[in-house]
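*Asks:* Input: one structure, supplied below.
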Amino acid sequence: MRIAVVPGDGIGKEVIPATLPALTLLSDAFGLDLEYDVFGWGADEWIASGVGLPTGAVERLSKDYGCVFLGALGDPRIPDMAHGREILLGLRRELDLYVNHRPIVLSDGVIDLYRENTQGLYVGVGGTVGRAGVVNVAIDECVYTRDTVEKFVRSCLRRLSEKGRRKVTLVHKANAVPNTGGLWVDVFRKELGAFPEMIGSEEYVDSFCYNLVRDPTPYEGVLASNLFGDIISDIGAALMGGLGLAASASICPETGFVLVEPVHGSAPDIAGKGVANPCAAAMSVVLMLDHFGHTEAADMLRACVGEAARSDAATPDLGGRGTTDGLMGTVLALLGRR
Ligand code: NAI
């Protein structure tokens, strides 16, 4: 299988290259036949040529590749993130990567957070009204279709059920946002009927966030719309020990195409210093391996990343003095010993 590697901007250009030797080592050791090509899409190309996602890129990805491994997009020279929206939101929408899996890995278990990835408040419908360059009214519409909510909820319930998870919580705000919220609640209740082994619950997003921070242990599977899932995943990253540890996989269940990426952004405050934590990027590789059924390789990398993060090689965000390359060097050494 071919992987399209897009390091992107800022620390993406540091953490992604740092993890590629581990990918190659595992591919060779387990005979996985994983090969990659690196694409330079990002801020530099946008500034130089005005191109974010090149014409024909989506078709080429769908035809020749099974996965995108993305770093991060975001550059202080492009404050409106126009290139990031074109590339990242473009890939999510065009490849229909509507299931976003963001595992929250805690010391006593994992919460499987699933975020709908293509609609809701990120659908790009809205506008502004104003005069003389002053915006007086700003509108961003939250749009959900039953078709998308149904296929998202059904796919997530199937994934949770196959993993042996029994508890699933729908996070919504139907009391204040009744139209899309009501649709989500209706679909969730109906789809849950096909999974009698699962115990469903529903929580308003504000009280869910409160409960998650106070005690995450009751949660197993969590389903959320685009904006709520985005926010919950950063709370989850904080519970895990920082953004440097959290990874995500955006999946199209119908085609099997997957885009894996760290949850963090391009971190301009530490970019170029060589101290970004590569664990989230390495855990993105773990999600990729898991997605393609290479469970043994995924488990081995997961274990080595965990051990390296607890070692002297830990980067400053984890309380250590290590570097990006040093931490991944430790991961490679641990992999070599297994
Ligand atoms: P950020 O995630 O880049 O950084 C937030 C804080 O966490 C910073 O203090 C940063 O140093 C730290 N941090 C993040 N990842 C780290 C790592 N691997 N190791 C150590 N420390 C790490 O979020 P921020 O600052 O809000 O956004 C920066 C840029 O990234 C913006 O342009 C934003 O739009 C973009 N962004 C892009 C995302 C993506 O491509 N998926 C996601 C989030 C933000």
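*Asks:* Taking 7 Å along the Cα-to-C-beta vector as the label spot, tell me the T255-D33 distance in nanometres, rounded to one decimal.
*Replies:* Taking the two extended label points, one gets 2.1 nm.
*Asks:* Tell me, what is the FRET efficiency for S161 and D312 to the nearest 0.05, using R0 = 45 angstrom and their Cβ-Cβ distance as r? Write down the numbers at each step before the final one.
*Replies:* Details: r = 41 Å, r/R0 = 0.92.
So the FRET efficiency works out to roughly 0.65.
*Asks:* Mind listing the long-range amide H neighbours of F39? Cut-off is under 5 Å, sequence gap 5 or more, other chains count too, H placed in the peptide plane at 1.01 Å from N.
*Replies:* The answer is V5, V6.
*Asks:* Can you give the longest stretch of the chain with no exposed loop site, where a site means GluC sites (Glu not before Pro) in a DSSP loop (not H, G, I, E or B) with at most 11 other C-beta atoms within 10 Å? Working shown, then result.
*Replies:* On the way: sites that count: E197, E254.
The segment 1-196 is the longest one with no such site.
*Asks:* With point charges of +1 on the Cβ of Lys and Arg and -1 on the Cβ of Asp and Glu, referenced to the Cα centre of the chain, which listed residue (V260, H294, M240) lies farthest in the positive direction of the dipole?
*Replies:* M240
*Asks:* Using θ = phi - 60° and the Karplus curve 6.51 cos²θ - 1.76 cosθ + 1.60, what whole-Hz ³J(HN,Hα) does each residue of segment 191-199 get, with Gly and Pro shown as x?
*Replies:* In residue order, the calculated couplings are 5, 4, x, 7, 10, x, 7, 8, 9 Hz.
*Asks:* Within 10 Å of each candidate Cβ there may be at most 12 other Cβ atoms; applying that plus a DSSP loop requirement, which trypsin sites (Lys or Arg not before Pro) in segment 229-334 survive? Provide the component values of the computation, followed by the final result.
*Replies:* On the way: sites: K273, R302, R310, R321; in loops: K273, R310, R321.
Of the trypsin sites (Lys or Arg not before Pro), the ones in loops of segment 229-334 whose Cβ has at most 12 other Cβ atoms within 10 Å are R310, R321.
*Asks:* Under a straight-distance cross-link criterion of Cα-Cα below 27 Å, which lysines are reachable from K173, leaving out those fewer than 8 residues away in the same chain?
*Replies:* K151, K190
*Asks:* What FRET efficiency comes out for the pair D269/R2, r = Cβ-Cβ distance, R0 = 45 Å, nearest 0.05?
*Replies:* Working: r = 34 Å, r/R0 = 0.75.
FRET efficiency, D269 to R2: 0.85.
*Asks:* Right, next: Taking Cα atoms of the chain, Rg/Rh with Kirkwood Rh, to two decimals? Kindly include the intermediate steps, with their values, before the conclusion.
*Replies:* Numbers: Rg = 19.9 Å, Rh = 20.7 Å.
That ratio is 0.96, to two decimals.
*Asks:* Oh, and also: What shape does segment 112-241 have by the C-alpha gyration tensor, where a ≥ b ≥ c are the square roots of the eigenvalues, rounded means a/c under 1.5, and otherwise prolate means a/b greater than b/c and oblate the rest?
*Replies:* On the way: a/c = 2.42, a/b = 1.61, b/c = 1.50.
Because a/c hits 1.5 or more and a/b exceeds b/c, segment 112-241 counts as prolate.
*Asks:* Taking only Cα atoms of segment 1-122, what ratio of Rg to Rh do you get with Rh as the Kirkwood inverse-distance radius? List each step's numbers first, then the result.
*Replies:* On the way: Rg = 15.8 Å, Rh = 16.0 Å.
Taking Rh as the inverse mean 1/r over Cα pairs, Rg/Rh reads 0.99.
*Asks:* Given axes a ≥ b ≥ c from the Cα gyration tensor, I'd like to know whether segment 274-328 is rounded (a/c under 1.5), prolate (a/b larger than b/c) or oblate. Working shown, then result.
*Replies:* Working: a/c = 3.34, a/b = 2.22, b/c = 1.50.
Because a/c hits 1.5 or more and a/b exceeds b/c, segment 274-328 counts as prolate.
*Asks:* If you don't mind, there's one more thing I want to ask. For the chain, what is the mean residue ellipticity at 222 nm derived from helices alone (per DSSP H run of n ≥ 4: -39500 (n - 2.57); sum divided by total residues; nearest 500 deg cm²/dmol)? Write down the numbers at each step before the final one.
*Replies:* On the way: 11 runs with 138 residues, N = 338.
Calculated at 222 nm, the ellipticity per residue is -13000 deg cm²/dmol.
*Asks:* I've got another one for you. Would you mind checking segment 256-297 for residues with the amide N under 20 Å from a putative spin-label position 7 Å along Cα→C-beta of E94?
*Replies:* So the set is 256-261.
*Asks:* With unit charges on the beta carbons (Lys and Arg positive, Asp and Glu negative) and the dipole taken about the Cα centre of the chain, which residue among F228, C304, Q119 sits farthest to the positive side?
*Replies:* F228
*Asks:* Let me ask something else. What does the C-alpha gyration tensor say about the overall shape of segment 220-338? Classify as rounded when a/c is under 1.5, otherwise prolate if a/b is larger than b/c, or oblate. Please list the in-between numbers first.
*Replies:* Working: a/c = 1.99, a/b = 1.24, b/c = 1.61.
Oblate is the answer for segment 220-338, as a/c is 1.5 or above yet b/c matches or exceeds a/b.
*Asks:* Quick one: Cα centre-to-centre distance for segment 3-23 and segment 27-47, in angstrom?
*Replies:* First find each Cα centre; the distance between them is then 7 Å.
*Asks:* Sticking with this structure for a sec: Find the centroid of the Cα atoms in segment 111-168 and in segment 224-268, then give the distance between the two in whole Å.
*Replies:* Using only Cα atoms, the two centres lie 14 Å from each other.
*Asks:* Please give the length that would be gained between I235 and R321 if that part of the chain were fully extended, namely 0.36 nm times their separation in residues minus their C-alpha to C-alpha distance (nm, one decimal). List each step's numbers first, then the result.
*Replies:* Values: separation 86, 0.36 × 86 = 30.96 nm, distance 2.49 nm.
Separation in residues times 0.36 nm, less the Cα-Cα distance, equals 28.5 nm.
*Asks:* What is the gain in length, in nm to one decimal, between I139 and A194 on full extension, counting 0.36 nm per residue of separation less the C-alpha to C-alpha distance? Working shown, then result.
*Replies:* Working: separation 55, 0.36 × 55 = 19.80 nm, distance 3.74 nm.
Taking 0.36 nm per residue and subtracting the Cα distance, the gain is 16.1 nm.
*Asks:* Whole-Hz Karplus ³J(HN,Hα) for segment 249-264, in order, using 6.51 cos²θ - 1.76 cosθ + 1.60 and θ = phi - 60°, x for Gly and Pro?
*Replies:* 10, 9, 10, 9, x, 5, 9, x, 5, 9, 10, 10, 6, x, 6, 5
FYI, it's all coordinate maths here, none of it is from the lab. Computed from a predicted model, the values in this text were never measured in an experiment. Please note: Cβ atoms are built from the backbone with ideal geometry, for glycine as well, and neighbour counts cover all protein chains shown.
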